[in-house]
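Just so you know, all these numbers are worked out from the coordinates, no wet-lab data involved. This one's a predicted model, so the numbers in the text were calculated from it and none came from an experiment. Here the Cβ positions follow ideal geometry from the backbone for every residue, glycine too, while neighbour counts run over all protein chains shown.
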Amino acid sequence: MNKKFENQKCYLCHQKNIEEYFPYTRDNKNIKVLKCKNCNLVFLSTFKHIQNEFYENSGMHKGTIELQNWIKNTSEDDLRRFNQFKDNIKDKKILDFGCGNGGFLLKAKKIAQSVSGLELDQGLNNYFKEQNLKVYSSLEQIKDKFDVITMFHVLEHIAKPIELLTSLKKLLNKNGKIIVEVPNANDALISIYENRAFQDFTYWSCHLFLFNEDHLRDIIIKADFKINYINQYQRYPITNHLYWLAKGLPGGHEKWNHLLSEDLNKEYIKMLKGQKACDSILASFTT
Ligand SMILES: [Zn+2]
């Protein structure tokens with residue numbers, strides 16, 4: 001065992017059995033990626049670099065928010081999530097926790113009873129006003145209650161995810177639901193292909209944890225919710241994976257889009273699901 005980590009305890013299983021998993025994150029070479037040898041939870045060697053002020057000052061976007069590009073980049077996921085969760089948001093009161101540029105909320109607004117967001121990043125306050133979106137900048141400001149809270153790629157940024165989910169319960173109406181999407185620690189590019197270039201690219205100082213299905217289940221149960229489902233979901237097609245393996249670079253889903261066969265991709269994703277090695281995990285749970 002690496003001596004440096006011998007006193008560190010795993011957040012989930014509380015064991016002191018931590019190993020170094022990857023030597024650095026892409027944006028901070030002083031932060032290591034660790035792994036609990038008991039439960040396989042992946043987490044950063046320090047969380048000290050993440051304070052609320054970090055996000056408030058657009059730390060995640062390095063202070064230069066090129067808003068139009070950002071909106072364009074998230075529009076595909078916003079639309080996909082809207083279609084995926086349509087039935088859950090129709091005529092309901094929605095809070096999107098960590099709403100980013102508000103792209104999902106602007107779509108949800110068309111069918112929901114009401115939509116609000118929470119975003120620590122305050123660089124977009126004027127834009128939210130223009131769009132007539134109610135976006136809180138802290139949990140303490142929220143006095144309302146909701147039917148559904150969505151958290152898309154948020155939980156992995158949170159230092160105490162169980163405690164956060166527990167506190168979100170107070171914001172939910174009876175039978176209220178939380179929908180979560182997180183990156184999968186067991187992504188095929190890591191777990192099957194052991195692609196070094198992808199690891200180099202994906203470990204990021206903002207992702208304090210990386211969860212697999214078991215970790216997510218454990219967190220939801222510890223926060224005392226009832227699980228509706230935990231599913232594997234693959235965002236990127238086979239061309240993205242082939243490109244990583246061939247070139248060690250992202251963007252293959254665009255550059256090699258002409259090679260994409262829908263049938264092949266369908267079968268490939270079926271395989272990934274069977275291996276629990278999709279790039280994302282979706283979970284839904286109720287109070
Ligand atoms: Zn553990």
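See the values below:
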| quantity | calculated |
| --- | --- |
| The chain: most fluctuating residue of Glu262, Glu181, Glu76 per GNM, C-alpha cutoff 10 Å | Glu262 |
| Cα-centre dipole for the range 70-177 with unit charges at Cβ (Lys and Arg positive, Asp and Glu negative), debye to 20 | 480 |
| Residue among Glu130, Glu156, Glu194 with the largest mean-square fluctuation in a Gaussian network model of the chain, springs linking Cα atoms under 10 Å | Glu130 |
| The chain: most fluctuating residue of Leu139, Leu95, Leu260 per GNM, C-alpha cutoff 10 Å | Leu260 |
| Principal axis dimensions, largest first and in whole angstrom, of the chain by Cα | 50, 49, 39 |
| Cβ-placed point charges (K, R +1; D, E -1), dipole of the chain about Cα centre in debye, nearest 20 | 540 |
| Orphan Cys of the chain, criterion: no other Cys C-beta under 4.7 Å | Cys99, Cys206, Cys278 |
| The range 65-168 - convex hull of the alpha-carbon atoms, volume per residue in Å³ | 108 |
| Karplus-derived HN-Hα couplings along the range 177-193 (A = 6.51, B = -1.76, C = 1.60, θ = phi - 60°), whole Hz, x at Gly and Pro | 10, 10, 10, 10, 10, 9, x, 8, 4, 9, 3, 3, 4, 9, 6, 9, 8 |
| Cα-based convex hull volume of the range 146-287 per residue, rounded to whole Å³ | 113 |
